[in-house]
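**Student:** Structure incoming, see below.
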Amino acid sequence: MRIDLHTHTTASDGSDTPAELVRKAARLGLVALAVTDHDTVDGLDEALKAAHGLPEVIAGIELTTDTETCEVHVLGLHLDHHHPQLLARIEAIREERIERARAMVEKVRRLGLPLDWETVWETASSRGFIGRGQIFRAMRDQGLIPQGQAREAFAHYFSKGGVAYVPHSYLSPEEAVAAVRAAGGVPVLAHPGRLMSGPPLGDELIGHLAEVGLMGIEAYYPTHDAGETARFLRLAARLDLIPTGGTDYHGRFGAAGVELGSYGPPVSTLSRLREAAEAAGRDAAKEEGRHGETTVPVT
Ligand code: AMP
Ligand code: MN
Ligand code: MN
Ligand code: MN
């Protein structure tokens, strides 16, 4: 029995619509599928509606955060994707993403490449979402990237510190963990062995995130080698984090040769995640109650 706890759709930078992704997972016989688009929950209602029986669709998100040295992604699983606070935050991020993308396109133009914002937005964005992968794809489609040099070119332009890179300015990892918890979700550190740049994530930062509310760590991931997976499984045991896993599926926009469901953790992970979500939901309700008491005047 296979599960996949990390996937993208056309709501962010994947190529399959949420309904297509769910149907594909059903065809492959997956028992659970978390839909975790970058910084958006826009695909979730469609994915949940497309689910009939199996797979169980888990409402998720992948929040992008920045630290001084590297970019850290935080998955939120089983969250309440209609939570007003979460939606307000996501809307602010969406607008900031567009401004950031415009600034990156402007940087590319200043380098002398004929890339214009309108074309990038019209051809590469998806449902109002845009990111580096999509800007890069637009450049490739316009013949601005030499054949066979995609990897080097992406790093040159868009890695942290790259010539056209603009940082994300929205969330810290701690804030992302708190935002997921406030929406009753289970925060999970995504692909800790694969950062966009910077030194490998140290045990210290992971330990610190566990102290501020992190509940899981993505130990199983396509680019993790056996040593990394073992390291994250050990850390999970030591810090009482739930080890998760997924393919980071992006359809035809993703890494070739990684089949949906091929990096899932054991199926028993599902009940651990559900229990953790219940605990997160109880904590969030208590928190909201506390704030309610202080803001509602007693008459
Ligand atoms: P952003 O969310 O705007 O910071 O962009 C990050 C996205 O860029 C990731 O989610 C990937 O989909 C994409 N990406 C990262 N590295 C590469 C790469 N080497 N080639 C193409 N796309 C990439
Ligand atoms: Mn992506
Ligand atoms: Mn990621
Ligand atoms: Mn991802």
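The values are calculated or read from the model by the stated rules, or taken from the named source; none is laboratory data. Nothing here was measured: the structure is a model prediction, and the numbers come from that model. Counting neighbours? That spans all protein chains shown, and the Cβs are built from the backbone with ideal geometry, glycine included.
**Student:** Kindly indicate the residue of the range 60-83 that is touching a Ser or Thr at 6+ places or on another chain (Cβ under 9 Å) and of a type in the set (A, V, I, L, M) and also farthest from Thr36 (Cα to Cα) among those meeting that condition.
**Tutor:** Looking at the filtered set, the residue picked out is Val72.
**Student:** Right, next: Is one or more of the residues making up the range 3-10 away from ligand 4 (no atom under 15 Å from the Cβ) and buried (at least 19 other Cβ atoms within 10 Å of the Cβ)?
**Tutor:** There is at least one residue in the range 3-10 that is away from ligand 4 (no atom under 15 Å from the Cβ) and buried (at least 19 other Cβ atoms within 10 Å of the Cβ).
**Student:** Suppose we filter the range 216-233 for residues that are surrounded by fewer than 20 Cβ atoms within 10 Å (Cβ to Cβ), of a type outside the set (S, T, N, Q) and within 16 Å of ligand 1 (Cβ to nearest atom); how many remain?
**Tutor:** 1
**Student:** In this structure, is Phe154 more than 18 Å from the chain's Cα centre (by Cα), touching a residue at least 12 places away in the same chain (Cβ under 8 Å), within 16 Å of ligand 3 (Cβ to nearest atom) and at negative phi?
**Tutor:** In short, yes.
**Student:** Considering only the range 173-195, state which residues are surrounded by fewer than 18 Cβ atoms within 10 Å (Cβ to Cβ) and within 16 Å of ligand 3 (Cβ to nearest atom).
**Tutor:** Gly193, Arg194
**Student:** Now, a different point. Taking the range 220-254, which residues are in contact with a strand residue (DSSP E or B) (Cβ under 9 Å, 6 or more places away or on another chain), of a type in the set (A, V, I, L, M) and either assigned to a helix (DSSP H, G or I) or closer than 26 Å to Ala11 by Cβ (or both)?
**Tutor:** Ala230, Leu233, Leu235, Ala236, Ala237, Leu239, Ile242
**Student:** Among the listed residues Leu171, Leu144, which satisfies the condition of being within 15 Å of ligand 1 (Cβ to nearest atom), under 17 Å from His73 (Cα atoms) and assigned to a loop (DSSP other than H, G, I, E, B)?
**Tutor:** It is Leu171.
**Student:** Right, another one. Considering only the range 108-130, how many residues are free of Cβ contacts under 8 Å to residues at least 40 places away in the same chain, within 16 Å of Thr9 (Cα to Cα) and not in a loop (DSSP other than H, G, I, E, B)?
**Tutor:** 1
**Student:** What number of residues within the range 52-89 satisfy the criterion of being more than 16 Å from ligand 3 (Cβ to nearest atom) and either within 26 Å of Ala284 (Cα to Cα) or surrounded by 21 or more Cβ atoms within 10 Å (Cβ to Cβ) (or both)?
**Tutor:** Final tally of qualifying residues: 17.
**Student:** Name every residue in the range 255-277 that is outside any loop (DSSP other than H, G, I, E, B) and not β-branched (Val, Ile, Thr), in order of residue number.
**Tutor:** Of everything in the range 255-277, those that are outside any loop (DSSP other than H, G, I, E, B) and not β-branched (Val, Ile, Thr) turn out to be Leu270, Ser271, Arg272, Leu273, Arg274, Glu275, Ala276, Ala277.
**Student:** If you don't mind, another one. What single numbered condition from (1) charged (D, E, K, R); (2) within 16 Å of His81 (Cα to Cα); (3) within 12 Å of ligand 4 (Cβ to nearest atom) fails to hold for Glu71?
**Tutor:** So the condition that Glu71 fails would be (2).
**Student:** In the range 223-262, which residue that is more than 16 Å from ligand 2 (Cβ to nearest atom) and over 19 Å from Gly202 (Cβ atoms) is modelled with the lowest pLDDT?
**Tutor:** Here the answer is Gly257.
**Student:** What's the number of the only condition in (1) within 15 Å of Val180 (Cβ to Cβ); (2) more than 16 Å from ligand 2 (Cβ to nearest atom); (3) not in a helix (DSSP H, G or I) that Arg89 fails to meet?
**Tutor:** Tallying (1) within 15 Å of Val180 (Cβ to Cβ); (2) more than 16 Å from ligand 2 (Cβ to nearest atom); (3) not in a helix (DSSP H, G or I), Arg89 fails exactly one: (3).
**Student:** Now for a different question. Within the range 234-273, how many residues are surrounded by 15 or more Cβ atoms within 10 Å (Cβ to Cβ) and under 17 Å from Val188 (Cβ atoms)?
**Tutor:** Of the residues in the range 234-273, 19 are surrounded by 15 or more Cβ atoms within 10 Å (Cβ to Cβ) and under 17 Å from Val188 (Cβ atoms).
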